[in-house]
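Scroll down for the structure; my scribbles are underneath it.
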Amino acid sequence: MTAPSTAPAASRGGRWIDHWDPEDEAFWNEKGEKIAKRNLFFSVLSEHIGFSIWTLWSVMVLFMGPEYGLTPADKFTIVSMATLVGALVRVPYTFAVALFGGRNWTIISAAMLLLPTVAAFAVMEPGTSFTTFLLCAMLAGVGGGNFASSMTNINAFFPLRKKGWALGLNAGGGNIGVPVVQLVGLAVIGASAGPRVLLGIYIPFIVVAAVLAAMYMDNISSVKNDTGAAWDAVKEGHTWIMSFLYIGTFGSFIGYSFAFGLVLQTQFGRTPLQAAYVTFIGPLLGSLIRPVGGWLADKYGGAKITLWNFVAMAAATAVIVVASMQESLPLFTTAFIALFVLTGLGNGSTYKMIPGIFQAKALAKGLAGEEAAAYGRRLSGASMGLIGAVGALGGLGINLAFRQSFLSVGSGTGAFVAFLAFYGVCFAVTWAVYLRRPAVANTPAEATAEAKPQLSYAEV
């Protein structure tokens, strides 16, 4: 996704960096690291609030008692629409970084969060129609796009050897916006205050995030949209394989984040306050551990960590199925929180795999040095937005599965059985593609060139 800019930075206004080469250790140690970490910090802040607004309706539905006239299926539909829009806008948000500049788009995307927050503030009361609530939840989906633009931006700032840590920290800091909005919601519910209080708390923080991005972030002038790279990423099989695996990790995380409180209310009869007391714990732990997933992937290989993480996710889901059938709330809650932790770990390891996979392909093609690094950056940058978007659609699938399960059998057990089977498929795909065999050659010429290395994707 990086290429020399043809327009002078000064002509575009804002804070632009014309020379950026993080792979050069001298440049990185002299000034690159300091600049990258500063941009990472304020990127995390904006993305964090974006996640909070995206998942706002996971808290709003807890306020919506019988006086709102909504069924559990209606509520699952509301949160599903927020998930859907948040997934879809990730694609254009990825390209917006190069079009506007990473700093400039962070300002714009942060300011856009005012739209769903103010809209919800205006309509959040009994008597409002289901359609109006649905539209407000869809507006909140813009918060989901902040992840894609933030990850694309930060990917350009850091060298390959630091991407696992940096992307994990960026994503984890953003993800933690989910439990934070749920914690704030808990405080509001506990204080017997209305949902408008929660919305009023977030409006000034959105403004602060936009202002700080304007003051302290930078644009990299060498980053621009490469439509050829985007098309190459679409045609690349690994883009779709990693999208599938990311459905299993991040899709699970965001889907469960929306659904956890509703499941506790609907299946176990918890009050809004009782549900809010535990709803935030899983997303909090899952967010905090995401950088650990990236760090472990840097150290042991993303494919290995991802493989065994899916084994653990399947085991936790099996315990949830048993707890659901036995109607054991303590066991159900404990296993669900453990599953959240594992989704966070897998988020970090799968995202680390993306640049490593395309770097391995570059080396297998006979490229070396900066040429190989440029090839890897080009395809990994182009694929990240698409992978993030498809992965987030997993959250939609999870909420629709819960909706159907409650309509069909009156509990979430059927949905969890389906999730268990899906994690088994994710395990099989990870093993078959990235651990069972070496990287395959793409052309007959590559297959017959003895000098070309045969790399194992287990190293990514």
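The values are calculated or read from the model by the stated rules, or taken from the named source; none is laboratory data. Quantities reported herein were computed from a predicted structural model and do not represent experimental measurements. So basically every Cβ, Gly included, is an ideal-geometry build from the backbone, and we count neighbours across all protein chains shown. In case anyone asks, the SASA skips ligands and DNA or RNA and just uses the protein heavy atoms, side chains included. Shrake-Rupley method; radii C 1.70, N 1.55, O 1.52, S 1.80 Å.
Of the conditions (1) open to solvent by 10 Å² or more (accessible area, probe 1.4 Å); (2) out of contact with any Pro (no Cβ under 9 Å at 6 or more places or on another chain), TRP165 fails just one. Which one is it?
With respect to (1) open to solvent by 10 Å² or more (accessible area, probe 1.4 Å); (2) out of contact with any Pro (no Cβ under 9 Å at 6 or more places or on another chain), TRP165 is out only on (2).
Specify which of the listed residues (MET138, MET151) is open to solvent by 10 Å² or more (accessible area, probe 1.4 Å) and either aliphatic (A, V, I, L, M) or assigned to a helix (DSSP H, G or I) (or both).
Details: MET151 fails: open to solvent by 10 Å² or more (accessible area, probe 1.4 Å).
Answer to the check: MET138.
What single numbered condition from (1) in a loop (DSSP other than H, G, I, E, B); (2) surrounded by 15 or more Cβ atoms within 10 Å (Cβ to Cβ) fails to hold for PHE244?
(1)
Given ALA303, ALA323, ALA360, which one is free of Cβ contacts under 8 Å to residues at least 40 places away in the same chain and of a type in the set (Gly, Ala, Ser)? Explain how you work it out, then say what you get.
Working: ALA303 fails: free of Cβ contacts under 8 Å to residues at least 40 places away in the same chain; ALA360 fails: free of Cβ contacts under 8 Å to residues at least 40 places away in the same chain.
When all the criteria are applied, what remains is ALA323.
Which residues, counting only those in the range 307-332, are open to solvent by less than 20 Å² (accessible area, probe 1.4 Å) and hydroxyl-bearing (Ser, Thr, Tyr)?
THR317, SER324
Give me the residue from the range 3-43 that is among the β-branched types (Val, Ile, Thr) and under 16 Å from ARG103 (Cβ atoms) and, out of that set, modelled with the highest pLDDT. Break it down into steps so the answer makes sense when it comes.
Step one: of the range 3-43, the residues among the β-branched types (Val, Ile, Thr) are 6, 17, 35.
Retained after the next criterion (residues that are under 16 Å from ARG103 (Cβ atoms)): 17, 35.
On the way: ILE17: 92, ILE35: 95.
Restricting to residues being among the β-branched types (Val, Ile, Thr) and under 16 Å from ARG103 (Cβ atoms), the top hit is ILE35.
Quick one: GLY127 ticks every box in (1) surrounded by fewer than 17 Cβ atoms within 10 Å (Cβ to Cβ); (2) part of a helix (DSSP H, G or I) bar one, so which box is it?
Every condition holds for GLY127 apart from (2).
Yes/no per residue for (1) open to solvent by less than 10 Å² (accessible area, probe 1.4 Å); (2) at pLDDT below 90; (3) assigned to a helix (DSSP H, G or I):
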residue	(1), (2), (3)
GLN267	no, no, yes
ARG270	no, no, no
VAL278	no, no, yes
GLY282	yes, no, yes
SER287	yes, yes, yes
ARG290	yes, yes, yes
GLY293	yes, yes, yes
ASP298	no, yes, yes
ILE305	no, no, yes
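Mind checking which residues of the range 310-350 are over 15 Å from TYR256 (Cβ atoms) and either of a type outside the set (Gly, Ala, Ser) or not in a helix (DSSP H, G or I) (or both)?
PHE310, VAL311, VAL322, MET325, GLN326, GLU327, SER328, LEU329, PRO330, LEU331, THR350
Filter the range 85-105 for residues that are under 21 Å from ASN39 (Cα atoms) and open to solvent by less than 40 Å² (accessible area, probe 1.4 Å) and give the result.
ARG90, TYR93, THR94, ALA96, VAL97, ALA98, GLY101, GLY102, ARG103, ASN104, TRP105
In this structure, is LEU379 among the aliphatic types (A, V, I, L, M), in a helix (DSSP H, G or I), in contact with a helix residue (DSSP H, G or I) (Cβ under 7 Å, 6 or more places away or on another chain) and under 17 Å from SER243 (Cβ atoms)?
Values: among the aliphatic types (A, V, I, L, M): yes; in a helix (DSSP H, G or I): yes; in contact with a helix residue (DSSP H, G or I) (Cβ under 7 Å, 6 or more places away or on another chain): yes; under 17 Å from SER243 (Cβ atoms): yes.
For LEU379, the condition - among the aliphatic types (A, V, I, L, M), in a helix (DSSP H, G or I), in contact with a helix residue (DSSP H, G or I) (Cβ under 7 Å, 6 or more places away or on another chain) and under 17 Å from SER243 (Cβ atoms) - is met.
Out of the range 15-44, which residues are closer than 30 Å to ALA82 by Cβ and open to solvent by less than 50 Å² (accessible area, probe 1.4 Å)? Talk me through it step by step, then tell me what you get.
Step one: list which residues in the range 15-44 are closer than 30 Å to ALA82 by Cβ, which gives 39-44.
If the condition is that a residue be closer than 30 Å to ALA82 by Cβ and open to solvent by less than 50 Å² (accessible area, probe 1.4 Å), then ASN39, LEU40, PHE42, SER43, VAL44 are the ones that fit.
List the residue pairs whose Cβ atoms are under 9 Å apart, where the first residue sits in the range 408-425 and is surrounded by 15 or more Cβ atoms within 10 Å (Cβ to Cβ), the second is at pLDDT below 95 and charged (D, E, K, R), and the two are 6 or more positions apart or on different chains.
Pairs that qualify, where the first residue is surrounded by 15 or more Cβ atoms within 10 Å (Cβ to Cβ) and the partner is at pLDDT below 95 and charged (D, E, K, R), are SER411/GLU327; ALA415/ARG403.
Kindly check whether there is at least one residue in the range 53-66 that is open to solvent by less than 10 Å² (accessible area, probe 1.4 Å), of a type outside the set (A, V, I, L, M, F, W, C) and in a helix (DSSP H, G or I).
yes
Which ones in the range 196-221 are in contact (Cβ under 8 Å) with a residue 24 or more places away in the chain, within 22 Å of SER43 (Cα to Cα) and open to solvent by 30 Å² or more (accessible area, probe 1.4 Å)?
Answer for the range 196-221, where residues must be in contact (Cβ under 8 Å) with a residue 24 or more places away in the chain, within 22 Å of SER43 (Cα to Cα) and open to solvent by 30 Å² or more (accessible area, probe 1.4 Å): ILE203, PHE205, VAL207, LEU212, ALA214, TYR216.
Mind checking which residues of the range 65-85 are of a type outside the set (Ser, Thr, Tyr) and free of Cβ contacts under 8 Å to residues at least 24 places away in the same chain? Talk me through it step by step, then tell me what you get.
The initial filter retains those residues of the range 65-85 that are of a type outside the set (Ser, Thr, Tyr), namely 65-67, 69-70, 72-76, 78-79, 81-82, 84-85.
Selection gives PRO66 alone.
Which of the following residues is more than 20 Å from the chain's Cα centre (by Cα) and either open to solvent by 10 Å² or more (accessible area, probe 1.4 Å) or under 27 Å from VAL180 (Cβ atoms) (or both): ALA73, ALA82?
Numbers: ALA82 fails: more than 20 Å from the chain's Cα centre (by Cα).
Residue meeting the stated conditions: ALA73.
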